[in-house]
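**Q** The structure is given below, and queries will be raised subsequently.
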Amino acid sequence: NPLQGASFVLAAHRIDQLPADSGGEVAFAGRSNAGKSSALNKLTGHHGLARTSKTPGRTQQMVAFALPPLAQGEGMPPLDVRLIDLPGYGYAKVPEPLREHWKREIDAYLHQRRSLRGVVLIVDIRHPLKEFDRMMLAFCQDTALPCHVLLTKADKLSRNQSAQALAAMRKQFAAEGLLATAQVFSSAEGTGVDEAREAVVALLRR
Ligand code: GDP
């Protein structure tokens, strides 16, 4: 597993508290309860890395996780890489001023962070794109950042239904001219885990 060995670095309320803006990083975003923490834990193979089933309304933060440096080509130094867990909202009731704070921080982060290589957006496969997801896709489009969508909790649907949901999402991206990619995923059953790890590494190397 190329994402093995992730470790907690720090939690931040503002982007200026994040680790030095060097090397490469991939941000994970998703509405609260979409399954982002479970996906991070599954992908890194570190069960307790991100806290799952958080209490709705608890203080939200951006969390940085360091990955082991990625080997690069001959004569090149290894690349320092990180994953950033962005706060999600949309499901639990988050007070309006806090939503506005995070919307601004996420917007600034996506626009200013030079080491950011791409975004992994976690979406519950049973729910169509919601306001938060559309905002993330629009920010990525604005900043020309690749966005890879994990349609998670696929174990809640039949294989056929999952394939249909994936096809519908790809069709929607094409119709709206979005450069995003998507795949089926399940933290519970391990569906799509290898594909998602490869997508994250490809973004980090970009
Ligand atoms: P977060 O708020 O986006 O970080 O979501 P969590 O990872 O904490 O998951 C929210 C809830 O969905 C928890 O009850 C998880 O057990 C559940 N969950 C997460 N991923 C999956 C999945 O792939 N399949 C199923 N069936 N449940 C999941």
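**Q** Checking the conditions here, which among Ala29, Ala39 is of a type in the set (A, V, I, L, M), crowded, with 22+ Cβ neighbours inside 10 Å, farther than 22 Å from Arg114 by Cβ and at pLDDT 95 or above?
**A** Ala39
**Q** Identify, please: which residue in region 156-185 is of a type in the set (S, T, N, Q) and over 14 Å from the mean Cα position of the chain (by Cα) and is, among those, nearest to the ligand (Cβ to nearest atom)?
**A** Step by step, filter region 156-185, then rank; the result is Ser162.
**Q** Across region 2-22, what is the number of residues that are surrounded by fewer than 20 Cβ atoms within 10 Å (Cβ to Cβ), within 16 Å of the ligand (Cβ to nearest atom) and closer than 17 Å to Val120 by Cβ?
**A** Total meeting the criteria: 0.
**Q** Right, next: List pairs: first residue in region 121-133 and free of Cβ contacts under 8 Å to residues at least 40 places away in the same chain, second residue in a loop (DSSP other than H, G, I, E, B) anywhere in the structure, Cβ distance under 6 angstrom, at least six positions apart or on different chains.
**A** none
**Q** Which members of region 1-43 meet the condition of being within 21 Å of Val94 (Cα to Cα) and in contact with a helix residue (DSSP H, G or I) (Cβ under 6 Å, 6 or more places away or on another chain)?
**A** Hits for region 1-43 are Ile15, Phe28, Ala29, Gly30, Arg31.
**Q** Also: Considering only region 74-94, state which residues are touching a residue at least 12 places away in the same chain (Cβ under 8 Å), of a type outside the set (A, V, I, L, M), at negative phi and assigned to a loop (DSSP other than H, G, I, E, B).
**A** Passing the criteria: Pro87, Gly88, Tyr89, Tyr91, Lys93.
**Q** Looking for something free of Cβ contacts under 8 Å to residues at least 12 places away in the same chain and either in contact with a Leu (Cβ under 7 Å, 6 or more places away or on another chain) or within 16 Å of the ligand (Cβ to nearest atom) (or both) - is there at least one such residue anywhere in region 23-43?
**A** no
**Q** Still on this model: Step by step: first the residues of region 55-72, then only those that are within 13 Å of the ligand (Cβ to nearest atom) and surrounded by 16 or more Cβ atoms within 10 Å (Cβ to Cβ), then the one that is modelled with the lowest pLDDT. Which residue is that?
**A** Among residues in region 55-72 that are within 13 Å of the ligand (Cβ to nearest atom) and surrounded by 16 or more Cβ atoms within 10 Å (Cβ to Cβ), the one modelled with the lowest pLDDT is Gln60.
**Q** Of all the residues that make up region 88-112, how many are surrounded by 14 or more Cβ atoms within 10 Å (Cβ to Cβ), closer than 14 Å to Arg14 by Cβ and charged (D, E, K, R)?
**A** 3
**Q** Does Pro19 qualify as being modelled with pLDDT of 90 or more and out of contact with any His (no Cβ under 8 Å at 6 or more places or on another chain)?
**A** In short, yes.
**Q** Which number in (1) within 17 Å of the chain's Cα centre (by Cα); (2) over 18 Å from Thr44 (Cα atoms); (3) within 13 Å of the ligand (Cβ to nearest atom) marks the one condition that Ala144 misses?
**A** Answer for Ala144: the failing condition is (3).
**Q** Any idea how many residues of region 186-197 are within 14 Å of the ligand (Cβ to nearest atom) and either buried (at least 19 other Cβ atoms within 10 Å of the Cβ) or under 22 Å from Met136 (Cα atoms) (or both)?
**A** Number of matching residues: 6.
The values are calculated or read from the model by the stated rules, or taken from the named source; none is laboratory data. Because the structure is a prediction, the values reported are computed rather than measured. Neighbour counts run over all protein chains shown; Cβ positions are idealised from the backbone, glycine included.
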